[in-house]
Amino acid sequence: MSKGKLTKAEIIERIHSVVNVSKKNIHNTLNLFINELKDGLIDDKVIELRGFGTFEIKMRKGRKARNPKTGESVEVHNHGVAVFRPGRELKKKAWTLRE
């Protein structure tokens, strides 16, 4: 379904083509935004971007698992996992996509 990927450099290029701001300033602003998201998640905050979605850290319980290569039994401890829940608007747009 995916038609490639969109990199940070490409996002900077797209923004630069629309606004009259240097690529360096766009890059710095984008990095600040991403760092704020990371810091908020590490501080156990839920990040809500209306019209887009919600980011948060969920805790996964530890369990016994098996190494698929060796078959060896391993213990997986409790750990945090970053999750994203798309907002209603993004869900609706994604739902209408067809291959």
Notebook entry, point to check: Among the residues of segment 13-35, is there at least one that is at negative phi and touching a Phe, Trp or Tyr at 6+ places or on another chain (Cβ under 6 Å)?
Noted result: no
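Among residues belonging to segment 73-93 that are in contact with a strand residue (DSSP E or B) (Cβ under 7 Å, 6 or more places away or on another chain) and farther than 20 Å from Lys45 by Cβ, point out the one that is surrounded by the most Cβ atoms within 10 Å (Cβ to Cβ). Before you say what the answer is, go through the steps one by one.
So in segment 73-93, the residues in contact with a strand residue (DSSP E or B) (Cβ under 7 Å, 6 or more places away or on another chain) come out as 73-76, 78-87, 90.
Going one step further and asking which of them are farther than 20 Å from Lys45 by Cβ, we end up with 73-76, 90.
Values: Ser73: 9, Val74: 10, Glu75: 8, Val76: 11, Leu90: 15.
Among those residues, the one meeting the criterion is Leu90.
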Item checked: Restricting segment 23-80 to residues that are in a loop (DSSP other than H, G, I, E, B) and charged (D, E, K, R), the residue that is nearest to Lys8 (Cα to Cα) -> Arg50
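Just so you know, all these numbers are worked out from the coordinates, no wet-lab data involved. Treat the numbers as computed from the prediction; the structure is a model and nothing was measured. Don't worry about glycine lacking a Cβ; one is built from the backbone with ideal geometry, like all the others, and counts go over all protein chains shown.
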